[in-house]
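The values are calculated or read from the model by the stated rules, or taken from the named source; none is laboratory data. These figures come from a predicted structure and were not determined experimentally. Cβ placement follows ideal geometry from the backbone for every residue including glycine, while neighbour counts extend to all protein chains displayed. These area figures cover heavy atoms from the full protein model, side chains too; ligands, DNA and RNA do not enter into them. Shrake-Rupley method; radii C 1.70, N 1.55, O 1.52, S 1.80 Å.
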Amino acid sequence: MENIHTTKIQNFFRVLLGLFMITAAIGHFTFQRADFQAQVPNWVPLDKDLVVVLSGVVEIALGLSMLFLTRYKVFTGIALAVFYILVFPGNIAQYLNQTPAFGLDTDQARLIRLFFQPVLIFLALWSTGAIGYFRRKV
């Protein structure tokens, strides 16, 4: 996969997303562990704490990749976008089950949060040049 040139603003958002993912991963292992467990849908056939720890490991790997594996930023952006898609059912479950977590204690707050996931997906793809990569391939 070729390395796509990205602008300074794209790089800023790539670094910001990387730091966001590392911070979220730390939360998985420490002070937000119960909140993350509350997001794991009941239909997931694994222990909720195991899911939280494993997703935290993935988040820290993706965050570090966003910061340091710039040669592979297109691949990393695609991987991060896929991760955001995979965890989206947890956000939906939190809304449908009216589960309070992360200070989201109203249906309205949980619903509004759902609209931020596509923004994160877009930022992961745009900030790493993945959108430009896909445009060149079409």
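Considering the Cα positions of the chain, please state its Rg to one decimal place and its Dmax as a whole number of Å.
So, for the chain, Rg and Dmax equal 15.6, 44 Å respectively.
Hey, got a sec? Which chymotrypsin sites (Phe, Trp or Tyr not before Pro) in region 1-101 land in a DSSP loop and have at most 11 other Cβ atoms within 10 Å? All intermediate terms of the calculation are to be shown ahead of the outcome.
On the way: sites: F12, F13, F20, F29, F31, F36, W43, F68, Y72, F75, F83, Y84, Y95; in loops: F31, W43.
Qualifying residues, ordered by number: F31, W43.
Which of T7, L19, F36 sits closest to the plus end of the dipole of the chain, meaning its Cα is farthest towards the positive end, when Lys and Arg get +1 and Asp and Glu get -1 on the C-beta?
Farthest along the dipole direction, towards plus: T7.
Report the Cα centroid-to-centroid distance between region 19-45 and region 84-115 in angstrom, as an integer.
Between the Cα centre of region 19-45 and that of region 84-115, the gap is 13 Å.
Using each residue's phi in region 57-64, evaluate 6.51 cos²θ - 1.76 cosθ + 1.60 at θ = phi - 60° and report the 3J(HN,Hα) Karplus result to the nearest Hz, with x for Gly and Pro.
For region 57-64, the Karplus curve yields 4, 5, 4, 5, 5, 5, x, 5 Hz.
Quick one: compute the contact order of region 34-138, relative version, from alpha carbon pairs under 8 angstrom and 6+ residues apart, as a percent.
Details: 88 pairs, mean separation 35.0, N = 105.
Result for region 34-138 is 33 percent.
How many percent of the accessible area of the chain is carbon or sulfur, using a 1.4 Å probe? If you can, show how the numbers build up before the last one.
Details: 5600 of 8070 Å².
Accessible surface attributable to carbon and sulfur in the chain totals 69 percent.
Report the charge-dipole magnitude of the chain in Debye, nearest 20, computed about the Cα centre from +1 at each Lys and Arg Cβ and -1 at each Asp and Glu Cβ.
With Lys and Arg at +1 and Asp and Glu at -1, about 660 debye.
Rounding to the nearest 10 and keeping the result within 0 to 90°, find how far the Cα-based axis of helix 73-96 lies from the longest principal axis of the chain.
It is inclined by approximately 20 degrees.
5 Å is the cut-off here: which amide hydrogens, built 1.01 Å from N in the peptide plane, fall below it relative to I4, excluding neighbours closer than 5 in sequence?
V74
What dipole magnitude, in Debye to the nearest 20, does region 18-94 give about its Cα centre under +1 on Lys/Arg Cβ and -1 on Asp/Glu Cβ?
On the way: 4 positive and 4 negative charges, 52 e Å.
Taking the Cα centre of region 18-94 as origin, the dipole is about 240 debye.
At 1.4 Å probe radius, can you tell me the per residue accessible area of the chain in Å²? Numbers along the way, then the final one.
Working: 8070 Å² over 138 residues.
Result: 58 Å² of accessible area for each residue.
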